[in-house]
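Nothing in this text is a laboratory measurement; each read-out follows from the coordinates by a stated rule. On a predicted model such as this, the values are computed, not experimentally measured, just so you know. Ideal geometry is used to build each Cβ from the backbone, glycine not excepted, and the neighbour counts take in all protein chains shown.
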Amino acid sequence: MKAPLIINYFVTLFMLCSPLTAIPVFLSLTQGRDKSERRRIGLYAGMSVAIILIVTTWIGGPLLSFLGIRVPAFQVAGAIVVFLLALSMLNAEISPMRQSEEETKIKPPSISVVPLAIPVMAGPGALSAVIVASNTYSTMIDQIILSFCGIGIGVVAALLLYFAIPLERKLGSSGLNIVTRIGGLILAAIAIEILVKGLEGLKIISTDFQI
């Protein structure tokens, strides 16, 4: 993988996991807990995200092969999921695909894994992108690079949740909403790119067509 592709993948994964949009959920679920416990939950959530992304990187390809699903078909499906998530972000909302109403009521010690890590951050869009990337770049070196990107996303998520309380005070709800909407716009463009590649792979459209 070349450097521009690595950067593009990392940015895409960051937008899909969107740790900034997880901050309000994190603050709501950890309300009433002491500061040290909230920070510990934030760190565990980031670690969980990294582990989920790494595992998906390594088993995503074999899983698709086992199920007999072609990569272009998965790209099209993943692009639709990503675009729906982008629409939710443009409205500064948490998509129901990330978190159901029942999951918002869960407050056990394991909230760092469910629902914070999955599905709030490592949701369908992020997992789809990881599986598509791991199939497109399938060499051992590429898989290791993708894994390091997953670790990087987990570290960023852990830091953002660790400092969630002061971050929310500085940005405010309006600041978080602005960041979320900008991310949603970028994500929508990325979804279209993924969709086009998937349709090309399915031979539904051709890049040879010129206007």
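Full extension of the chain between Phe66 and Ile186 gives 39.9 nm of extra length, using 0.36 nm per residue less the Cα-Cα distance. Quick check: from the Cα gyration tensor, does segment 132-196 come out rounded (a/c under 1.5), prolate or oblate? Judged from the Cα gyration tensor, segment 132-196 comes out oblate (a/c at least 1.5, b/c at or above a/b).
Of the trypsin sites (Lys or Arg not before Pro) in segment 4-95, the ones in a loop by DSSP (not H, G, I, E or B) with at most 15 other beta carbons within 10 Å are Arg33, Arg70.
Total lysine pairs in the chain at Cα distances under 30 Å, for residues eight or more apart or on different chains: 7.
Between Ser173 and Asn91, the C-beta separation translates, for a Förster distance of 25 Å, into a calculated FRET efficiency of about 0.95. Between Ser112, Ser48, Ser174, where does the largest GNM mean-square fluctuation fall for the chain, given springs only between Cα atoms within less than 10 Å? Maximum fluctuation in the GNM of the chain, among the listed residues, is at Ser174. From the coordinates of this entry, mean projected area of the Cα convex hull in nm² is computed, and it appears in (i) 11.4; (ii) 34.0; (iii) 12.8 under the label (iii). How much of the calculated P(r) for segment 11-98 lies past 20 Å, in percent of all Cα pairs? Roughly 51 percent, rounded to a whole number.
Under 12 Å from a point placed 7 Å out from the Cα of Val155 along the Cα-to-Cβ direction: which residues of segment 107-148 have their backbone N that close? Only 148 pass the distance filter. Ellipticity at 222 nm from helices only: DSSP H runs of n ≥ 4 in the chain, each -39500 (n - 2.57), divided by the residue count, give -25500 deg cm²/dmol. Under the criterion of Cα pairs below 8 Å and six or more residues apart, the relative contact order for the chain equals 43 percent. Reported to the nearest whole Å, the Cα centre-to-centre distance from segment 137-188 to segment 1-71 is 8.
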